Amino acid sequence: MEVESVLVTGSNRGIGLEFVRQVVHLPTPPRFVFATYRNKNSIKDLQNIRDEAKDSEVILIQMDVTKLDHIKAAQEIVQSKVGIRGLNLLINNAGFAKLLGFPEVTEENLLTHFHTNTVGPFMVLQEFFPLLKKAADRGEGAKLSVSRAAVINISAGNGSITTATFDFPIIHAAVGYRVSKAASNMAMRMVAPALTKSGILDIQMCPGWVKTDMGSPAAELEVSDSIAAMLKTMKQLNESHQGTFIDRNGEPIPF
């Protein structure tokens, strides 16, 4: 996978941090890696990656995906760097999870999940769409690919309505999270036709159950293995995958 510019949201920990760490070590790393974070007190690891990167300029940007003014300000920073060449790859990763089940779940819990996991990524895509389109317009031919222009929305298998199960206790406590991820899948699938016309690949990808602060130490996958698999899969994505919901290995997940 060769891209000139990448933006990863929610990069100060977990999946986002590992994406930044691995993309700067690709055989042909991006010229620009934009890494967003919400809390400036939690970016030591990001700063280390930035300072040690040899072939990529890593730009740290404070951005809360629930605040439109933050998103617009971040877009201006990215625009100032990439110019007319645009943004090749947006990894919509920032998310929120606070487990509460029914009937304990509150309105505040539901709305926070929806704002962060559904509305936030949608608005990030909408604001960065012009930069993605600039990159797509520079691409040769009509084929869709991550190297041309793409948005990868980090989803979750437990946002699938079809495969919702009732025999895994912890899942019952994730009402707000699961509903917000299902809604995000629908929102991003609905924009796929418009993105197709603009030459932008649109994918919903599940990283698996990963050992992060959000996934918990009980998870099945090391974060490094999950991200390595997703990056491998991204290289193989094309127009046949447009608007789909897949796992880290490229296997389809029913909505």
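The values are calculated or read from the model by the stated rules, or taken from the named source; none is laboratory data. In this text, all values refer to a predicted model and were calculated from it rather than measured experimentally. Neighbour counts run over all protein chains shown; Cβ positions are idealised from the backbone, glycine included. Calculation scope for accessible area: heavy atoms of the full protein, side chains included, ligands and nucleic acids excluded. Shrake-Rupley method; radii C 1.70, N 1.55, O 1.52, S 1.80 Å.
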- [ ] Can you tell me the FRET efficiency between Leu110 and Ser42 if r is taken as the Cβ-Cβ distance and R0 is 22 Å, rounded to the nearest 0.05?
- [x] 0.30
- [ ] Return the subset of Lys133/Lys211; Lys143/Lys211; Lys72/Lys197; Lys81/Lys211; Lys133/Lys235; Lys81/Lys133 for which the Cα-Cα distance in this structure is over 26 Å, preserving the input order.
- [x] Lys133/Lys211; Lys143/Lys211; Lys81/Lys211
Task: Gain upon complete extension [Ala73, Phe102; 0.36 nm per residue less C-alpha separation] - done: 6.7 nm
TODO: Could you calculate the contour length gain from Arg138 to Thr28, that is, 0.36 nm times the residue separation minus the distance between their Cα atoms, to one decimal place in nm?
DONE: 37.7 nm
Open item on the list: Check which residues have an amide H placed less than 5 Å from Asp202's amide H, if you skip close sequence neighbours.
Closed with: Val151, Gly243
Open item on the list: For the chain, set up a GNM with springs between Cα atoms under 10 Å and report which of Leu100, Leu144, Leu125 has the largest fluctuation.
Closed with: Leu100
Open item on the list: Spelling out what I want: for every residue of the range 120-137, take phi, set θ = phi - 60°, compute 6.51 cos²θ - 1.76 cosθ + 1.60 (Karplus), and round to whole Hz; glycine and proline get x.
Closed with: x, x, 5, 5, 4, 4, 4, 6, 8, 3, x, 6, 5, 5, 4, 5, 4, 5
Task: Cross-link partners of Lys40 among aspartates and glutamates (Cα-Cα below 14 Å; sequence separation of 8 or more within a chain) - done: Asp64
Open item on the list: Using a probe radius of 1.4 Å on heavy atoms only, what accessible surface per residue do you get for the chain? Whole Å² is fine.
Closed with: 48
Task: Per-peptide average of other Cβ atoms within 10 Å, ordering 110-118, 9-17 highest first - done: 9-17, 110-118
TODO: Report the one residue of Asn249, His70, Leu131 whose Cα lies farthest in the direction of the positive end of the charge dipole of the chain (charges on C-beta: Lys and Arg +1, Asp and Glu -1; origin at the Cα centre).
DONE: Leu131
Open item on the list: Multiplying the sequence separation of Ile84 and Glu222 by 0.36 nm and subtracting their Cα-Cα distance, what value in nm do you get?
Closed with: 45.9 nm
Task: Listed residues Leu60, Leu132 arranged by accessible area, highest first, probe 1.4 Å - done: Leu60, Leu132
TODO: Name the residues whose placed amide hydrogens come within less than 5 Å of the amide hydrogen of Ala94, ignoring near sequence neighbours (fewer than 5 apart) on the same chain.
DONE: Thr9, Gly10
Open item on the list: Taking amide H atoms as placed 1.01 Å from N in the peptide plane, list the residues 5 or more away in sequence, or in a different chain, whose amide H sits under 5 Å from that of Ile61.
Closed with: Ala35, Thr36, Tyr37
Open item on the list: Please report the spacing between the Cα centers of the range 173-190 and the range 38-71 in Å, no decimals.
Closed with: 26
Open item on the list: Run lengths n ≥ 4 of DSSP H only: what is the helix-derived mean residue ellipticity at 222 nm for the chain, with -39500 (n - 2.57) per run over all residues, to the nearest 500?
Closed with: -12000 deg cm²/dmol
TODO: Enumerate the calculated ³J(HN,Hα) couplings along the range 81-95 in order (Karplus 6.51 cos²θ - 1.76 cosθ + 1.60, θ = phi - 60°), each rounded to whole Hz, writing x wherever the residue is Gly or Pro.
DONE: 8, 8, x, 6, 7, x, 9, 7, 9, 10, 9, 7, 10, 3, x
